[in-house]
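These notes are about the structure you will find just below.
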């Protein structure tokens, strides 16, 4: 048997991150996840009860990033459950509806809560969804971008319906996440859990190496 080293050492490393979606009911959180994970969109998406869990991966040049996605319910009665899902999360995507100023205000409230209570070093992304309804737009891009810049957030406008910027959103997040597990944030925040460098069997073509 040959003792020559295999090329597996040259394979991209794989990392796993916990990601949570927050935002008001009906802003399109579940639709964004469905579009990213399965490449699908349903005009009538049932409201999430509690939270839904899905996984998906994206391939970067030097790593495969697997997201463990917790899609939380937006109804007020489930708000008390949110800390259970964002505790220990590496990423939080806070979604608002560009046609509703109220959902943008609520997104700001979520962000303040995350800044106070989530793990140190969490990557927070502000997402304005439903840009396919630009003619009904109530939250200007410049306003949301300015708020994101002031708070050190990633920012993107998306459409789950048309798939605009959905994959790009998760790729941008994957690039932003640190991938050096030798360092940690405040004892709680690990910089990603390194997995064996093998392809993720649950990846869909919308999320990985097209």
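The values are calculated or read from the model by the stated rules, or taken from the named source; none is laboratory data. This is a predicted model, so every value here is computed, not measured. Note that we place each Cβ from the backbone using ideal geometry, even for glycine, and neighbour counts take in every protein chain shown.
Descriptive notes on the structure:
- Positions within segment 52-84 being crowded, with 16+ Cβ neighbours inside 10 Å, at pLDDT below 90 and closer than 17 Å to residue 25 by Cα, in sequence order: 52, 72, 73, 74, 78, 82
- Pairs where the first residue, in segment 110-128, is at positive phi and touching a residue at least 40 places away in the same chain (Cβ under 8 Å) and the second is surrounded by 19 or more Cβ atoms within 10 Å (Cβ to Cβ) and in a loop (DSSP other than H, G, I, E, B), C-beta under 9 Å, 6+ apart: 121/90
- Checked across segment 85-102, the condition of being modelled with pLDDT of 95 or more and surrounded by fewer than 17 Cβ atoms within 10 Å (Cβ to Cβ) holds for at least one residue.
- Of all the criteria given as (1) surrounded by 14 or more Cβ atoms within 10 Å (Cβ to Cβ); (2) within 28 Å of residue 38 (Cβ to Cβ), the one not satisfied by residue 136 is (1).
- Criterion (within 14 Å of residue 66 (Cβ to Cβ), in contact with a strand residue (DSSP E or B) (Cβ under 7 Å, 6 or more places away or on another chain) and modelled with pLDDT of 95 or more) met by exactly one of 144, 148, 160, 174: 174
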